[in-house]
Amino acid sequence: MVKDKEKRLFERIDLRNLNGSVEIKESTKTINILNVSEEGMCISGAEIPVGTVIRLDIDAPENQQNISLYCKSMWASKSNPPNRKTGLLLLNTNKILFKKDLVSFEKLIESARK
């Protein structure tokens, strides 16, 4: 049996106990961030249709501000919430407007690598 080749360009980093929320269709849902990479992340806990653009707020560690990012749902597992997993692609392409949040997200990735 041939295994599928990994399609990701960036390393996935598993996380533990990192929570946040997503704003979708004028409601907010609590989520758990399972892993991150430089271009996106995998979350669980909310039903987000594929192709939906959402705002994600990541609960920051003490003495830091929350990280707010815009993402697009690229895939979703067939499980029902809270076990449903969703793959998100970062959409914050405006590096100037979202600089603070992107820098904080990069620091989060670096600290998780250690």
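The values are calculated or read from the model by the stated rules, or taken from the named source; none is laboratory data. This structure is a prediction, so every number in the text was calculated from the model and none was measured. Using ideal geometry, Cβ is built from the backbone for each residue, glycine included, and neighbour counts are taken over all protein chains shown.
When segment 12-52 is filtered for residues that are at positive phi, surrounded by fewer than 18 Cβ atoms within 10 Å (Cβ to Cβ) and touching a Lys or Arg at 6+ places or on another chain (Cβ under 9 Å), only Gly51 remains. Quick check on my filter: what residues within segment 62-107 are modelled with pLDDT under 75 and in contact with a Leu (Cβ under 9 Å, 6 or more places away or on another chain)? Answer for segment 62-107, where residues must be modelled with pLDDT under 75 and in contact with a Leu (Cβ under 9 Å, 6 or more places away or on another chain): Asn92, Lys95, Phe98.
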